[in-house]
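Just so it is clear, none of the values below were taken in a lab; they were calculated from the coordinates. Only a predicted model underlies this, so the values are computations on that prediction, with no experimental measurement involved. When we count neighbours, we look across all protein chains shown, and the Cβ atoms used for this are built from the backbone with ideal geometry, even at glycine.
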Amino acid sequence: MTEDLAEDLVVLVEPDGTPCGTADRTSVHTTSTPLHFAFSCHLVEAGRLLMTRRALTKKTWPGVWTNSYCGHPRPGETAVDAVHRYAQRELGLDVTDVRCVLPDFRYRAVDASGVVENEVCPVFVARPTGPLRPNPDEVMDVAWTDVDDVWSAARRTPWLLSPWFVDQVHALGAHPYRVPERETT
C-alpha cells in the first residue's frame with residue numbers, strides 16, 4: 001500500500017494530554033521533540049509476539065528490535081483507526097481484536113544521535129489477519145517469538161530493544177495480555 005505522506009501531521013499535546021496543535025510528522029522528531037500523540041501495537045498469535053527490527057533508514061533507533069509497530073494518529077483520527085492504518089503501512093496486513101492494554105503509557109527517550117522521542121503513546125494488542133508483507137522502508141526483519149522469551153530478553157538485555165518497548169514490558173508486568181485463542185469450528 002502506497003500512502004501519501006504530504007499531509008502526515010501529528011497531534012501535539014500539553015503535559016496533561018490536551019491537544020494543542022499539529023506538526024509535520026517528518027520534521028517533528030528532533031533534539032527538542034515536542035510532546036505528541038502516538039501509539040504502539042503488539043501483534044499476538046498463539047502465545048507469540050511479532051517483533052520487528054526497524055529499518056536502517058529510520059531516523060531513530062535504526063536496526064533496533066521493537067514491538068510489532070508504532071505510529072501517530074492524525075488530527076481527527078482515533079488511535080484505533082491509526083492502528084489499522086499503520087498495520088497496512090508497515091506490515092502490509094490487517095488486524096482484528098484491537099484492544100488497548102496501556103491507555104496512559106507515555107515515554108521520553110533520546111537516541112544515540114540525540115533525536116528525542118517524546119510521546120503520549122497508548123499501547124494496543126491485536127491479532128494479525130492475512131499474510132505479512134513488511135514495508136522495507138519501515139521494517140528490515142521480523143520474528144514471531146514466545147512472549148515469555150521476549151519478556152525475559154527485555155529484563156535481561158534491555159539494550160538490545162527499543163527503550164519504549166522495554167518500558168512497555170515493565171508496565172505490562174508478568175502477564176502482559178491474554179487474547180482469547182480463535183475458536184475452531
Query raised in the report: In whole percent, what relative contact order does the chain give with Cα contacts below 8 Å and a gap of six or more residues?
Result: 25 percent
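In cubic angstrom, how much convex hull volume per residue do the alpha carbon atoms of the range 100-155 span? Show your work: numbers first, answer last.
Values: hull volume 8.4 nm³, N = 56.
Taking only Cα atoms, the range 100-155 has a hull volume of 150 Å³ per residue.
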Query raised in the report: Across 5 Å bins from 0, what is the distribution of all Cα-Cα pair distances for the chain, in whole percents?
Result: 1, 8, 17, 22, 23, 17, 9, 3, 1, 0, 0
Report task. Collect residues whose amide H, placed 1.01 Å from N in the peptide plane, falls under 5 Å from the amide H of Thr22; neighbours closer than 5 in sequence don't count. Result -> Leu12
Requested in this report: State the extension gain, in nm to one decimal, for the chain segment bounded by Cys100 and Thr57, taking 0.36 nm per residue of separation less the distance between their alpha-carbons.
Outcome: 12.6 nm
Query raised in the report: Mean residue ellipticity at 222 nm from the helices of the chain, using -39,500 (n - 2.57) per DSSP H segment of n ≥ 4 over the full residue count, to the nearest 500 deg cm²/dmol?
Result: -4500 deg cm²/dmol
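Can you tell me the order of 66-77, 9-20, 46-57 when each peptide is scored by its average per-residue count of other Cβ atoms within 10 angstrom, highest first?
Working: 66-77: 19.8, 9-20: 14.2, 46-57: 16.7.
Highest to lowest by the protection proxy: 66-77, 46-57, 9-20.
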Query raised in the report: In nanometres, what is the gap between the two model label sites at Ser113 and His170, each 7 Å from Cα along Cα-to-Cβ?
Result: 2.5 nm
Query raised in the report: Among rounded, prolate and oblate, which fits the range 45-142 when a ≥ b ≥ c are the square roots of the eigenvalues of its C-alpha gyration tensor, a/c under 1.5 means rounded, and a/b larger than b/c means prolate?
Result: oblate
Requested in this report: Can you tell me the dipole magnitude for the chain around its Cα centre, using point charges on the Cβ only (Lys, Arg +1; Asp, Glu -1), in Debye to the nearest 20?
Outcome: 420 debye
